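The values are calculated or read from the model by the stated rules, or taken from the named source; none is laboratory data. Just so it is clear, the model here is predicted, and its values are computed rather than measured. Cβ: placed from backbone, ideal geometry, glycine included. Neighbour counts: every protein chain shown. What goes into the accessible areas is simple: the full protein's heavy atoms, side chains included, and nothing from ligands, DNA or RNA. Shrake-Rupley method; radii C 1.70, N 1.55, O 1.52, S 1.80 Å.
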Amino acid sequence: MNYTEIQTVDGRSPSRIRRLAGFLIAVMSFAALAATASAQNATITGHVLNSSTGEFLKYAQIQVVGTDRVAFSEEGGQFKLTNVPAGQAKLITTYTGLDPLEIVVTVPAEGSVTQEIVLTSAEYGETVKLGVFRVASAREGNAKAIVEQRIALNLKTVIAADAFGDVAEGNVGEFLKLLPGVSVDYVDNDVRSTRIRGLPPKYVTTTLDGLPISNSGSNNLSATGQGRYTELEQLSMAALDVVETTKTPTSDLVSSNLAGNVNAISKSAFNQKGRSIKYSGNVNFNQWFASFEKSKGWDNQSHNKALPGGKIEWIDTFLNGRLGTVVSVAHSGAFADQRVVIGTYVWDRNATNNSAELPLLNNWNFQDGLKPTWRDSLLFNVDFKATDELKLSLRTNYGYYRSEFYNRNWQAVANTGNMTAYGTDGTLTPTALSTGLINRTETSGTSLGAVYLSGAGTTCLCEVLQNTVNVLGSNQRKSGGTLNISPAASWKRDNIKADVTTMYSIGKTAYTSGQDGFFSLVSASMPNVAFDYNRISDDNVQIIQRSLPSGTAGAPAAVIAVMPAVSNQGSIFDLGNYNINGLAEQTTRNSKAQTWSGRGDVEIAYPEWSIPTTFKLGGSGSLEVRDVHTLQAKWTMALVSNSGLPTSATVINLQDFRDPYAGGVGTVTDINGVTAKTPGADK
């Protein structure tokens, strides 16, 4: 009989030993196969270029036909395809707006091969060349924006700076308002802030290359949070490559952007092949001043209303393409004359008639707003490829904004402080608590000069609700600049990418109004005025001063004796009749904001997976310091009285200080039948 003894190791059964040995053999075999496959695979690198514009294309898709190998070109048009089988490989390259291109590349067994890809479009026809000049259209900018959106991991809208050509004004808000889901808020003719999905500006963050910009503007730091948003006036489109808006906030964005984010991306020399010099010039006209002749202007001095502007941009690379620079200088000027008529509606306090109630127009504001604006932008960006994997950058830009606000306002106000119920036809029923308005409808109406309320003798409340016409003049100068300095580093190897960006941003803004002897506000009122108004069309309103009896119904004889029998008989064109509520203001505000910020991100991308996946890890932080100084002084003006007291050192007659600017808005007729533009007082 034969006896065989089977020894075990550490008490393990032979079956477990065999399974372990089999697993080790399988792992070693797989590693050997992987090593063999890796030895037989290589890498394809290169750049993707638009032949028409000379720009390198970002996010072009390069795929090896018949495999799952795919890559997207990055900044500077660079792409890298790894693990490509040796032999003949057919590449197909696609980019929105350009024709797909197929190229056959001979791939070595090991190492790498370089293949430059040049795309064009049959719609270009023959590229027009004048020496080194290239002629292209806005289609390239649109294509760039579309590709950016298509490749994005979240929902965002992208607009390229060249999509609409050169815009003389340069305000980035004029571009943003064209995007879906984005609206803008104007101050006079300038876009100051943005809204995304209808939410207030304080829920929208504005960043430059992903980092916050200092905010030294006019919005305050109150509990309402208005001071959280960035004013766009000092951010020029001339310094930017693309602007993107994100409507679905992700974890890598600033937490305060509940509505969304506006991110401006700086220009890079690596996006352009070779040297590029671009320049442009323009002259901005206002439709009412389409002339080079000087005329009376915003500050009552003679000015040319045609303001020049221009831009020059130089892009070049050195050291065999390893060092790139972008230098840009831009200036713009624009003059706006805003002639508007604004009607204010009011409703009664009767909650039971809401379904039938008609709003009443109780205030017509005629405004002639003269506003010159100047913008300047300086840009200096440097990019350096320290190695094939490491890029260092320094982005510097400065934006300066200056504007002067000169508004002339004239208002016809029918006081409706105690308005009660009225009929569905818009007719008011004169009562002791009514406003003295009769037959006011949406398009026309008449206002009494005064109305009896209550009381007797000289203490009666008979003029509390009187109608007035007001004359106002305001002046404000806003100026300021924002400087942004941002060093950054980017490293990439295969599917791993790391970015570190820091920025120092400082902004200063000044509001002043004392230059040339102007107040920031001068206002006065003419009391007890009766008037008709007729809304002829949306932009044409007629005001006619009337001589009407006062509303004395229900008043005792003693009250009637002290009430004016008829409305004010003085002409609304005579500023000496504006003799109540005289006020002069002087306001100065200076602010400075500084922001230190930084962020770091690491990405690992797997575009070859059936569901392309990117893992991202990072962090960011910022510190903002603001310093705001405000000074406001108010004076009450002693104006000439109804009795016509002579002008003296202590009594002011505004007729002696008429606005020399022959402007005005709309057409009004005074009690004497004289028809002219609305009057104004000098500031």
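Taking a probe of 1.4 Å, how large is the accessible area per residue of region 471-547, in Å²?
It amounts to 39 Å² per residue over region 471-547.
Past 25 Å, Cα to Cα: identify those pairs from Lys58/Lys247; Lys305/Lys478; Lys278/Lys497; Lys478/Lys634; Lys311/Lys497; Lys371/Lys508, in the order given. Before the final figure, lay out the partial values.
Details: Lys58/Lys247 22 Å; Lys305/Lys478 19 Å; Lys278/Lys497 33 Å; Lys478/Lys634 20 Å; Lys311/Lys497 35 Å; Lys371/Lys508 21 Å.
From Lys58/Lys247; Lys305/Lys478; Lys278/Lys497; Lys478/Lys634; Lys311/Lys497; Lys371/Lys508, over 25 Å: Lys278/Lys497; Lys311/Lys497.
Please identify the trypsin sites (Lys or Arg not before Pro) of region 240-286 that satisfy two criteria: DSSP loop assignment and at most 15 other Cβ atoms within 10 Å. Which are they?
Passing both the DSSP loop test and the Cβ count: Arg275.
Determine, from the Cβ-Cβ distance of Arg626 and Val113 and an R0 of 56 Å, the FRET efficiency 1/(1 + (r/R0)^6), rounded to the nearest 0.05.
Efficiency, rounded to the nearest 0.05: 0.50.
Give me the distance in nm between label points sitting 7 Å out from Cα along the Cα-to-Cβ direction at Leu394 and Trp609, one decimal.
4.0 nm
If R0 is 45 Å, what FRET efficiency do you get for Gln338 and Asn83 from their C-beta distance, rounded to 0.05?
E(calc), rounded to 0.05, equals 0.10.
Once the Cα gyration tensor of region 301-408 is found, what semi-axes does its equivalent ellipsoid get, as square roots of 5 times the eigenvalues, in whole Å, sorted largest first?
Computed over region 301-408, the values are 53, 24, 9 Å.
Asn581 to Val283: extension gain in nm, 0.36 nm per residue of separation minus the Cα-Cα distance?
Full extension from Asn581 to Val283 adds 103.0 nm.
Estimate the FRET efficiency between Thr94 and Ser295 by the formula 1/(1 + (r/R0)^6), using the beta-carbon distance for r and 45 Å for R0, to the nearest 0.05.
In this case the efficiency is close to 0.20.
For Ala633 paired with Thr387, estimate the spin-label separation in nm (one decimal), with each label point 7 Å from Cα along the Cα-to-Cβ line.
6.5 nm
Restricting attention to region 297-380, which trypsin sites (Lys or Arg not before Pro) occupy a DSSP loop and are surrounded by at most 14 other Cβ atoms within 10 Å?
Answer in residue order: Arg349.
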